[in-house]
């Protein structure tokens, strides 16, 4: 018997499976946080002097490189966490668990959505830890708790959208090494070719141009705005627009690939 | 009994033109254990994946209990259970959680799912380790858990893809017992295997599949019967003496029912030493051979009766050994020439 309630029930079942896996293997939670943590703790010390460059404070609105950089760490956490999403999918392909699920009446869309929501959940957890750590280190978020909530929402949606990349790669290659190697290319180059790490004015001209087309810039700018200056709805709107575009592309591609995996 | 699975002219091509399943047709009767026997890469898993709605066929027609495998995939998924070749359990979940989750995939309500998990863990003998992570289970335990998860919906048809590959004999026997018990309760079982012994033990009927094609089909006993001959190895005392050998040869070849006699001193297929005798009914031939040799005053040193195995069936239909690791055994390809 199929009822309308089956659909949310299926998604909840898949979601709870992934959350359980997250709890069972804490490495799944820390995996994508190690690098951002190193950045947070070391780079901000090493590059403290960047804040002394004339014009830094006028451009960024803060005299602390740590505060400026915290947005980059948040975005980096989201990007690395998103690349982790495909790995779970590859595991399921390799172990035969995906086939096992697909042989049951559970909807294909529930398998994907349950996973996507759990990815969003994981990203929120990870970014929360980073923000808490930032607070300890002395990063003040001027917009307070509502601003933090908005940052988390943005991080979640951006992470879900970005995780479509690694899930797509995972379903295409069906191999964990390739998934990791290819997905990682979407982390650091995209981060350095954005306004996340340096104020736009400090970037080389061609990087400035690229950063304008890089969705990472818009999310980083919006997050940073919420941390340093306050609510700038233009920035926030642009960020959500960028997320929407990325999400539309990656989730369409992933869904297509997921359905095509049927024919293989 | 009705045909619950009807497969007609099933073809599955992989890009660019690998004919994984190459025009096969067969039917499975409700209530039987049906085996797909073949070596690695024969197309067994591809076929089972098409039947379980996991893979789109290239052409042909597959009906499961009257449902079309592509148009009515959903209805089919409701009545089948499937255990994949890999172990389809989540190693980060406990045995109980694995079964519970599987129940939820079939929309079984929570309380019933809990009950079901308890029952099934007992059935497959995992009650003691129910709350341990499946990752800590042995290979045999994982397979039993996989089997249990395939049973949550009380499937009418159970698909098992190489259920015992890689297991030790004891675990294998445990799985066999479960399969037999399930079948006794009315579950139709479709299984693939690369083990002759497994097909022989479990399957009421089987298809031998090689290079995507069905090369033989029928009951294991009848297939073995098609080999047409039992083999009797005979070593006589004083066999170095050509006179004694020729006397023995003359004697046994006159026994009614003996189809062919080979003198191994002259070399021959199946030869190790002495004489090899082929006949339709080996167990009746043995006393006749003993008596006639006795009256001809030829003393027997050693006499062995070998019934044909499914291995022999495979060789007969494909011209080669099924498992490459057994290739060390002298090739018996000549079996075909003899008849």
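Within the stretch A:88-102, residues that are touching a residue at least 24 places away in the same chain (Cβ under 8 Å) and within 8 Å of chain B (Cβ to nearest Cβ) sit with their Cβ atoms under 8 Å from residues that are crowded, with 20+ Cβ neighbours inside 10 Å and outside any helix (DSSP H, G or I), at 6+ positions apart or across chains, in these pairs: A:102/B:53; A:102/B:54. Annotation: of all residues in the stretch B:102-129 being in contact with a helix residue (DSSP H, G or I) (Cβ under 6 Å, 6 or more places away or on another chain) and either part of a loop (DSSP other than H, G, I, E, B) or within 13 Å of another protein chain (Cβ to nearest Cβ) (or both), the one that is farthest from residue A:16 (Cα to Cα) is B:124.
For the structure I just gave you, tell me whether residue A:74 is facing another protein chain (nearest Cβ under 9 Å) and touching a residue at least 60 places away in the same chain (Cβ under 8 Å).
no
Of all residues in the stretch B:14-35, those satisfying the criterion of being under 24 Å from residue B:71 (Cβ atoms) and more than 10 Å from chain A (Cβ to nearest Cβ) are B:20, B:21, B:22, B:23, B:24, B:25, B:26, B:27, B:28, B:29, B:30, B:34. The set of residues in the stretch B:60-81 that are more than 10 Å from every other protein chain (Cβ to nearest Cβ), assigned to a strand (DSSP E or B) and within 26 Å of the chain's Cα centre (by Cα) comprises B:60, B:61, B:62, B:63, B:64.
Condition first: within 21 Å of residue A:65 (Cβ to Cβ), touching a residue at least 12 places away in the same chain (Cβ under 8 Å) and touching a helix residue (DSSP H, G or I) at 6+ places or on another chain (Cβ under 8 Å). Now tell me which residues in the stretch A:208-229 satisfy that. Those that are within 21 Å of residue A:65 (Cβ to Cβ), touching a residue at least 12 places away in the same chain (Cβ under 8 Å) and touching a helix residue (DSSP H, G or I) at 6+ places or on another chain (Cβ under 8 Å): A:211, A:216, A:217, A:219, A:220, A:221, A:222, A:223, A:224, A:226, A:227, A:228.
Tell me yes or no: at least one residue of the stretch A:28-43 is within 14 Å of another protein chain (Cβ to nearest Cβ), free of Cβ contacts under 8 Å to residues at least 12 places away in the same chain and surrounded by 16 or more Cβ atoms within 10 Å (Cβ to Cβ). Among the residues of the stretch A:28-43, not one is within 14 Å of another protein chain (Cβ to nearest Cβ), free of Cβ contacts under 8 Å to residues at least 12 places away in the same chain and surrounded by 16 or more Cβ atoms within 10 Å (Cβ to Cβ), which makes the answer no. The residues in the stretch A:141-155 that are out of contact with any helix residue (DSSP H, G or I) (no Cβ under 7 Å at 6 or more places or on another chain) and touching a residue at least 60 places away in the same chain (Cβ under 8 Å) can be counted, and the count is 0. With the structure loaded, tell me whether residue B:190 is modelled with pLDDT of 95 or more and in contact with a helix residue (DSSP H, G or I) (Cβ under 6 Å, 6 or more places away or on another chain) or whether it fails that test. In short, no. Taking the stretch B:293-318 as the range and being farther than 30 Å from residue B:202 by Cβ and buried (at least 16 other Cβ atoms within 10 Å of the Cβ) as the test, the residues that pass are B:293, B:298, B:303.
Scanning the stretch B:130-155 for residues that are in a loop (DSSP other than H, G, I, E, B) and within 14 Å of chain A (Cβ to nearest Cβ) turns up B:131, B:132, B:137, B:150, B:151, B:152, B:153, B:154, B:155.
Counting only residues that are more than 30 Å from residue B:81 (Cα to Cα) and assigned to a helix (DSSP H, G or I), the stretch A:57-109 holds 24 of them. Considering only residues that are modelled with pLDDT under 85 and at the interface with another protein chain (Cβ under 10 Å from one of its Cβ atoms), which ones fall in the stretch A:1-27? Those that are modelled with pLDDT under 85 and at the interface with another protein chain (Cβ under 10 Å from one of its Cβ atoms): A:1, A:2, A:3, A:5.
Filtering the stretch A:137-156 to residues that are crowded, with 20+ Cβ neighbours inside 10 Å and part of a helix (DSSP H, G or I) leaves A:151, A:154, A:155, A:156.
The values are calculated or read from the model by the stated rules, or taken from the named source; none is laboratory data. What you see is a predicted model; the values in this text were computed from it and never measured. Cβ sites come from the backbone with ideal geometry, for glycine too, and all protein chains shown count toward neighbours.
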